[in-house]
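Below: one structure, written as C-alpha cells.
Taken together, the values in this text are just the output of simple stated rules run on the coordinates, not laboratory data. Bear in mind the structure is a predicted one, so any value in this text is a computation, not a measurement. Every residue, glycine as well, gets a Cβ built from its backbone with ideal geometry; the counts of neighbours run over all protein chains shown.
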Amino acid sequence: MSLIESACGPPEEGLEMLFDNSERINGHPAESIEPFETFLNSAAGDDWQYVRDVLMDWLAHYPEAERPALISRLRRTDRRGFLGAFWELYLHELVRRLGFDIELHPSVSGTTHRPDFRLRRGTAMIYLEAVTIYEREGSPKHVSSRHDVLVDDHRVIRQRLGEKTRYYGRQLGAPFVIALISYRPTTDLKELLAGLFGAAHEHPEMIRDEAIRRSRLAGTNGFWLTNKGVQYQDASAVLAAFELLPSTIARGQPWLIANPWASHPLDIELPFNRVTADLATGKIECEEAVSQPALLFDLPPDWPTSPRFR
C-alpha cells in the first residue's frame, strides 16, 4: 500500500497520475543529464516511493482545472521545467497548510500579467509570485569551492526580482511577496542579502541613510537599496529557498526577508526563518524558526530515512 493510501486514503478518483505503475528496478543515483521526472518515475526503493506518494498527494490538493498544465510541466524532459513546476507545487501546498484560501493566476486591474497566487486568510490578502534561478548552463551540478566559479548570484537575484516587480507596479494594492528559489550551489543567505540590500547588508549606516554611499564596493546596488536611494517598495518581502528538492522538503526551511521600506508591509506571522532590517540602527537580524518544515507537512523529521538523502 502506498503512503497516500495508508495515510491519506486512496488517491482522488480521476486524478491524472504523474508517475506510471511499472515495476521499478533502478537502484542507481540520478545522473546529471537524466530528466528529473524520469529518474523519480524509475527509482526503486521505499524512500523514493514515499517521495512519489507525497507529490501525488500534493497534486490532489491542486485545483483540478489547473492540474493538467502543471503535470505537463513536471513531465518535461529538461531539468528546469521540472524544478520550476515543483517550486509552484511546493508553494501551493505550503500556503494551503498555513490556512490560506488560494486563487491561482488572478486577474489584476491595470496589467495583463497575472501573479501566481492570491492568498486570503481572515482579513489578510497577499499576492505571491514564484521565481526560479537555475544552475548555470554548462556548469557542473556541484562545485568544490565558491572560488571555482564567478559568483554573481546577487546580480541575478536583483535582476529577476526587478523583472517580477515591474510587471505589477502599484497595481496590487496589497502585500506582494516574491518566492525565489535558487538551484545554484553558490547561492546562500549572504548572496541573497547582497542581492536585496547591496553593500548595505554589511554596512548598517547605509540602511540608516537609505542609500548606498560607497560606489567602489563590488556589487554596490541592491534590489531594495541603491546609490540613489530606496526602490521597489511594492515588493513587500522575499520568501527564499536554496536547492530545495522533493526529497528535502522535510528539512528545507525557507527564509522570509521583509522589505523595511515596503509600501504594503507583510503584517502576518509565518513560521519561517526570518530576516529583518532595523531602520533605526541599520542592523540586519537573522532569526531561525522554532518549528521544522516536517511538522507542517506531516512528515517524520528524518524523512526520507535513507542516509543517501542527507
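The Cα center of segment 232-254 and the Cα center of segment 82-137 differ in position by 12 Å. As a rough guide to protection, the peptides 63-74, 227-238 ranked by mean Cβ packing within 10 Å, highest first, stand as 227-238, 63-74.
Relative to its residue count, segment 200-259 spans a Cα convex hull of 104 Å³ per residue. Residue by residue, segment 63-75 carries 3J(HN,Hα) couplings of x, 4, 5, 8, 5, x, 5, 5, 4, 4, 5, 5, 8 Hz when phi is fed to the Karplus relation 6.51 cos²θ - 1.76 cosθ + 1.60 (θ = phi - 60°); x denotes Gly or Pro.
Peptides 77-88, 171-182, ordered by how many other C-beta atoms sit within 10 Å of their residues on average, highest first, read 171-182, 77-88.
Less than 5 angstrom separates the built amide H of Thr226 from those of Ile212, Gln231, all sequence-distant by 5 or more or on a different chain.
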